[in-house]
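> Before anything else, here's the structure in question.
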Amino acid sequence: MLTIRSSRLIPMSVILVLLCTTSARSEEPALVYERQSPQVVDQRSDQETSPSPISGGSTASTLMWRTILFEDFEGDFPGTRWYLAPPISAYWWGKRDCKAYEGNYSAWGVGGGALGSSLVCGDNYPNDIRATMRYGPFDLSNCVAAELTFRHWTRTELGTGFIDSDYLAVLASYDNITFSGPFWSGDWTGTCDGWCQALYDLTEAGSRGNLCGRPEVWIRFVFTSNSSVTDVGVFVDNVEIRVGEYLGDHQLWLPLAMGE
């Protein structure tokens, strides 16, 4: 589940759309994208939790958070972490210094590729673009909690679905075929004073369900434009994947009540 500043959920039915990719690689089959509504969040779950012990002795564990990915786009991109699709494209996600939440760089949805790399900061994206950056697979076999957090600067044509709008979609999958997640369309820069913070709870990934327990998980950032109306587009920064695991099981022994 995803969170925004009002902390009110926006009800929206899931829409299934079959998108056929032009990639010739075997790891890029026909994909099913499922749309969830953006919900809300001001901050991630930083707190550690510990179950209450039971009188007489019980095992208690502490939930510890561990980061398995942090990407601020200040180093090499895409490097070995990210796979960009389609493999041959005039416009890819690209590391650019046009905008940044922190540091000097972020990923621009059309800032890479043969033509995208020549775009000047402030240029509009072209029509009929679909650019993907994918991370994974990564292992969530042993987690009890998992979350994807990131910052995004989004200003696109406003629409209501995968077909009739330009959008940023953030998606997750356990089979690299069916991906589920929220999307943003329109001008979000005023809503969040520029950069919006988003948190995607990977234990509630739409029809993909709870991804904890899955040995292979993938995430995708997808930027798509249709055949009319363009704008500056989308930028992403400070992408982080964290897992919560119960570590260091230990016995807590408490005195039992004694009779008189």
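> Determine the pairs where a residue that is more than 18 Å from residue 169 (Cα to Cα), located within the stretch 137-150, has a partner that is of a type in the set (Phe, Trp, Tyr) with Cβ atoms under 7 Å apart, the partner being 6 or more residues away or on another chain.
Once the first residue is more than 18 Å from residue 169 (Cα to Cα) and sits in the stretch 137-150, its partners that are of a type in the set (Phe, Trp, Tyr) give 137/218; 144/246.
> Return a yes/no flag: does the stretch 181-188 have any residue that is outside any loop (DSSP other than H, G, I, E, B), crowded, with 20+ Cβ neighbours inside 10 Å and either modelled with pLDDT of 95 or more or of a type in the set (D, E, K, R) (or both). Full working, then the answer.
Taking the stretch 181-188 as the starting set, the residues that turn out to be outside any loop (DSSP other than H, G, I, E, B) are 181-184, 187.
Pick out the ones that are also crowded, with 20+ Cβ neighbours inside 10 Å and you get 181-184.
Still in the list and also either modelled with pLDDT of 95 or more or of a type in the set (D, E, K, R) (or both): none.
Checking the stretch 181-188: not a single residue is outside any loop (DSSP other than H, G, I, E, B), crowded, with 20+ Cβ neighbours inside 10 Å and either modelled with pLDDT of 95 or more or of a type in the set (D, E, K, R) (or both).
> Exactly one of these conditions fails for residue 123: (1) within 19 Å of residue 92 (Cβ to Cβ); (2) modelled with pLDDT under 95; (3) of a type in the set (D, E, K, R). Give me its number.
(2)
> Right, next: How about the stretch 227-246: which of its residues are assigned to a strand (DSSP E or B) and of a type in the set (D, E, K, R)? Don't jump to the end; show me each part of the working.
Looking only at the stretch 227-246, we keep the residues that are assigned to a strand (DSSP E or B), and these are 233-246.
237, 240, 242, 245, listed by residue number.
> Looking at (1) of a type outside the set (D, E, K, R); (2) modelled with pLDDT of 95 or more; (3) surrounded by fewer than 19 Cβ atoms within 10 Å (Cβ to Cβ), which is the one condition that is false for residue 86?
Exception for residue 86: condition (2).
> Given (1) hydroxyl-bearing (Ser, Thr, Tyr); (2) in a loop (DSSP other than H, G, I, E, B); (3) more than 28 Å from residue 231 (Cβ to Cβ), where does residue 191 come up short, assuming only one miss?
Among (1) hydroxyl-bearing (Ser, Thr, Tyr); (2) in a loop (DSSP other than H, G, I, E, B); (3) more than 28 Å from residue 231 (Cβ to Cβ), residue 191 violates only (3).
> Say we look at the stretch 100-138 and pick out the residues that are buried (at least 18 other Cβ atoms within 10 Å of the Cβ) and either polar (S, T, N, Q) or assigned to a loop (DSSP other than H, G, I, E, B) (or both); which of these is farthest from the chain's Cα centre (by Cα)?
Going through the qualifying residues, I end up with 119.
> Another one. Please identify the pairs in which a residue from the stretch 104-132 that is within 19 Å of residue 75 (Cα to Cα) has its Cβ atom under 6 Å from the Cβ atom of a residue that is part of a loop (DSSP other than H, G, I, E, B) and of a type in the set (S, T, N, Q), counting only partners at least 6 apart or on another chain.
Short answer, once both residue conditions are applied: 113/89.
> Regarding residue 139, is this residue at pLDDT 95 or above, of a type in the set (D, E, K, R) and farther than 18 Å from residue 244 by Cα? Show your work before the answer.
Details: at pLDDT 95 or above: yes; of a type in the set (D, E, K, R): yes; farther than 18 Å from residue 244 by Cα: no.
The answer is no for residue 139.
The values are calculated or read from the model by the stated rules, or taken from the named source; none is laboratory data. What you see is a predicted model, and the numbers here were worked out from it, not measured in a lab. Ideal geometry is used to build each Cβ from the backbone, glycine not excepted, and the neighbour counts take in all protein chains shown.
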